[in-house]
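Accompanying notes for the structure given below.
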Amino acid sequence: MNKIGVIFDLDGVIVDTAKYHFLAWKNLADDLGFEFTETHNELLKGVSRVRSLEILLDIGKVNISEEKKQEYLISKNEDYLQYINKMGPEEILPGAEKLLDTLDTLGINYVLGSASKNAPLILKQVNLFHRFKGIVDGNSVSKAKPDPEVFLIGAKKLNLFPEQCIVFEDAIAGVEAANKANMTSIGIGDKETLSEADYNFNNLTEIPENFFENFLSDNN
Ligand code: B16
Ligand code: MG
């Protein structure tokens, strides 16, 4: 029996939905009358929808009622979903499908561990939903990353202890969550930004063929 499992973040690891979040948040900022740049958008990566809105309102120095916030959360998501509904398998990031194939061949189970409440829809759009043994998303957690909750639930779905789980993440908050959960963290993206990760790769095409075999022999 294999004694390791994998937990994948979604945005920035399997697909790049950050560009659609950007367009939708920028629309809201335009309506509110302030500039929202791609650099600002970096601050929202891996962060929950509610927290993203708070960061955006801070950037624009806008003060609004709770009721208005709820309204904006709904309208931003409706806007975002227009882009998501047009997504297809061609948007899967390079190396992702090959990596899933490798895990299937090795008999290693994998689940999703994403902050997004839209994660099931996105995975269905790109035709990967059926491949995951479980989905942990923004609807399943009460505490957002960097809290380890999302990954600890993922470990339960894998029937594994946290130490047996390997997490692929592109956001600082996600790497922190994986480390707090006592899992092996793999940072995907800028090595300097994700310096807290146990391993770093620029993207999934860089994962060596024998990467998981080393873990299997360590754990057996
Ligand atoms: P939603 P991940 C995260 O996905 C995104 O990186 C982040 O920018 C977004 O705010 C969050 O999902 C919530 O998304 O509005 O769809 O619920 O990286 O955790 O897969
Ligand atoms: Mg991410």
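If only the Cβ of Lys and Arg carry +1 and only the Cβ of Asp and Glu carry -1, the dipole of the chain around its Cα centre is close to 680 debye.
The C-alpha atoms of the chain define a longest principal axis, and helix 49-59 lies at about 50 degrees to it. Between helix 149-158 and the chain there is an angle of about 40 degrees, using the helix long axis and the longest principal axis of the Cα atoms. Of the residues Leu100, Leu57, Ser75, the one whose Cα sits farthest toward the positive end of the charge dipole of the range 1-100, with +1 on the Cβ of Lys and Arg and -1 on the Cβ of Asp and Glu, is Leu100.
Bridging of Lys156 to lysines at a Cα separation below 28 Å is possible for Lys3, Lys45, Lys98, Lys117, Lys124, Lys133, Lys143, Lys145, Lys180, once same-chain residues fewer than 8 apart are set aside. Under a model in which nothing but the beta-carbon of Lys, Arg (+1) and Asp, Glu (-1) is charged, the range 18-84 shows a dipole of about 200 debye around its Cα centre.
As a calculated quantity, the FRET efficiency between Asp16 and Thr102 at R0 = 30 Å, using C-beta atoms, amounts to about 0.90. Each peptide in 148-157, 187-196 receives the mean, over its residues, of other Cβ atoms within 10 Å, and ordering these scores from highest gives 148-157, 187-196.
Calculated mean residue ellipticity at 222 nm for the chain: -13000 deg cm²/dmol, from DSSP H runs with n ≥ 4 weighted as -39500 (n - 2.57), summed, divided by the residue count and rounded to 500. Scoring 108-121, 4-17, 77-90 by mean Cβ neighbours within 10 Å over their residues and listing the highest first yields 4-17, 108-121, 77-90. Selection among Thr205, Ile153, Ile172 by position relative to the dipole of the chain gives Ile153 as farthest towards the positive end (Cβ unit charges, Cα centre).
Where a number appears in this text, it was derived from the coordinates with a stated rule and is not lab data. Worth saying up front: this structure is predicted, and the values here are computed from it rather than measured. Neighbour counts are summed over all protein chains in view; Cβ atoms, including those assigned to glycine, are modelled from backbone coordinates with ideal geometry.
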